[in-house]
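Visitor: My questions will all concern the structure given below.
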Amino acid sequence: MTAAEPEPTGAPETPELAHSEPGMGWTYRLGRTFVAPLARTVYRPIIEGREYVPREGAVILASNHLSFIDSVAIPVAAPRPVHFLAKSSYFEGAGMSGWFRREFFFAIGAVPVQRGAGQAALDALDQQRALLDSGRAVALYPEGTRSLDGRLYRGRTGAAFLALQTGAPVVPVGLIGTAEVMPVGARMPSLRQRVTVRFGAPLDLSHHGAPESGRARRGATDEIMAAIHALTGQELAGTYNEAPAQGAVEKIKRVLPHERL
């Protein structure tokens with residue numbers, strides 16, 4: 001999730017999903033039937049802990065984030081359909097190339113969302129909660145954006161908020177090698193590298209408290225990130241993964257304590 005200033009207040013009404021049955025049309029069935037097995041054959045990923053992923057019911061897969069291909073690796077490795085939010089711009093574009101890109105993202109379980117801070121971040125949480133309320137698996141990146149230096153950054157509280165609000169268990173996911181398979185800027189993934197996908201034991205975060213509590217959200221987030229770190233062994237950055245602050249006002253806001261969703 002991207003950074004956001006507003007604190008979540010209560011539970012707004014669950015919105016209709018942007019795609020009435022996201023990823024459940026012929027494109028997604030084709031992806032699950034043919035694309036995922038083909039990708040496992042070609043890339044030979046090392047998959048560990050698949051037994052930890054519940055086969056039914058709402059579940060949050062919380063992962064580190066190193067590469068664009070992470071959002072392909074998780075659905076390919078998971079034993080059940082997994083949905084994740086993707087920038088709405090990925091679903092735009094005219095002609096055959098636009099159609100192919102749009103159908104590809106639907107095939108891997110993506111749901112379009114307008115990304116950003118403030119209200120956009122809260123709207124994204126609403127979409128993810130709608131998926132969880134319908135009993136689906138949702139993949140999230142608590143770091144918010146890709147780590148360009150390979151370190152594991154401090155987690156944002158959106159995933160923990162959803163878990164505390166919906167009661168969904170959180171399965172930590174550790175991705176290793178995806179940055180080598182498809183570095184930032186690469187147009188196609190490499191066939192010479194292998195990816196490791198590690199699923200950890202489900203986390204019940206309810207003991208942290210109510211979702212309205214900032215302390216509960218922070219504590220639950222730190223537990224999620226500790227579990228991810230145990231799977232990846234990445235160096236800890238100790239900070240949020242954010243672009244340098246621009247302007248005096250933004251620098252002051254960064255110094256003041258506030259919640260990142």
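The values are calculated or read from the model by the stated rules, or taken from the named source; none is laboratory data. Everything numeric here is computed off the predicted structure, so don't read it as measured data. A quick note on method: Cβ atoms are made from the backbone with ideal geometry, for glycine too, and the neighbour counts reach across all protein chains shown. Please note that ligands, DNA and RNA were not included when accessible areas were found on the heavy atoms of the full protein model with its side chains. Shrake-Rupley method; radii C 1.70, N 1.55, O 1.52, S 1.80 Å.
Visitor: Take residue 101 and tell me if it is on the phi < 0 side of the Ramachandran plot, surrounded by 13 or more Cβ atoms within 10 Å (Cβ to Cβ) and charged (D, E, K, R).
Guide: Answer is yes for this residue.
Visitor: Hey, among 93, 135, which residue is assigned to a loop (DSSP other than H, G, I, E, B), free of Cβ contacts under 8 Å to residues at least 24 places away in the same chain and among the small types (Gly, Ala, Ser)?
Guide: Sole residue among the options that is assigned to a loop (DSSP other than H, G, I, E, B), free of Cβ contacts under 8 Å to residues at least 24 places away in the same chain and among the small types (Gly, Ala, Ser): 93.
Visitor: So how many residues does segment 188-204 have that are open to solvent by 90 Å² or more (accessible area, probe 1.4 Å) and either basic (Lys, Arg) or modelled with pLDDT under 95 (or both)?
Guide: Here the count works out to 4.
Visitor: Limited to segment 159-187, what total is found for residues that are β-branched (Val, Ile, Thr), open to solvent by less than 10 Å² (accessible area, probe 1.4 Å) and not in a helix (DSSP H, G or I)?
Guide: Looking only at that region, the number is 3.
Visitor: Restricting attention to segment 57-74, which residues are at negative phi and open to solvent by 10 Å² or more (accessible area, probe 1.4 Å)?
Guide: 58, 65, 66, 68, 69, 71, 72, 73
Visitor: So which residues in segment 74-85 are assigned to a helix (DSSP H, G or I) and either out of contact with any helix residue (DSSP H, G or I) (no Cβ under 6 Å at 6 or more places or on another chain) or under 18 Å from residue 159 (Cα atoms) (or both), if there are any at all?
Guide: Correct list: 74, 75, 77.
Visitor: Here is a follow-up. Which residues, taken from segment 221-260, are at pLDDT 95 or above, in contact with a helix residue (DSSP H, G or I) (Cβ under 7 Å, 6 or more places away or on another chain) and not aliphatic (A, V, I, L, M)?
Guide: Result: 221, single match.
Visitor: Could you give me the residue pairs with C-beta distances under 6 Å whose first residue belongs to segment 181-206 and is of a type in the set (Ser, Thr, Tyr), whose second residue is open to solvent by less than 40 Å² (accessible area, probe 1.4 Å) and not in a strand (DSSP E or B) wherever it lies, and which are 6+ apart or on separate chains?
Guide: Hits for this filter: 190/181; 196/177.
Visitor: Then there is this: Against the conditions (1) farther than 20 Å from residue 111 by Cα; (2) in contact with a Phe, Trp or Tyr (Cβ under 6 Å, 6 or more places away or on another chain), where does residue 42 fall short? Just the number, please.
Guide: Unmet for residue 42, out of (1) farther than 20 Å from residue 111 by Cα; (2) in contact with a Phe, Trp or Tyr (Cβ under 6 Å, 6 or more places away or on another chain): (2).
Visitor: Could you please give the count of residues in segment 44-69 that are in contact with a Lys or Arg (Cβ under 8 Å, 6 or more places away or on another chain) and under 25 Å from residue 148 (Cβ atoms)?
Guide: Of the residues in that region, 6 qualify.
Visitor: On the given criteria, is residue 83 in contact with a Leu (Cβ under 6 Å, 6 or more places away or on another chain) and either buried (at least 22 other Cβ atoms within 10 Å of the Cβ) or at pLDDT 70 or above (or both)?
Guide: yes
Visitor: Which of (1) surrounded by fewer than 24 Cβ atoms within 10 Å (Cβ to Cβ); (2) part of a loop (DSSP other than H, G, I, E, B) does residue 156 not meet, given it meets every other one?
Guide: Every condition holds for residue 156 apart from (1).
Visitor: Being crowded, with 22+ Cβ neighbours inside 10 Å, within 21 Å of residue 82 (Cα to Cα) and aliphatic (A, V, I, L, M) is the requirement here; does residue 130 meet it?
Guide: No.
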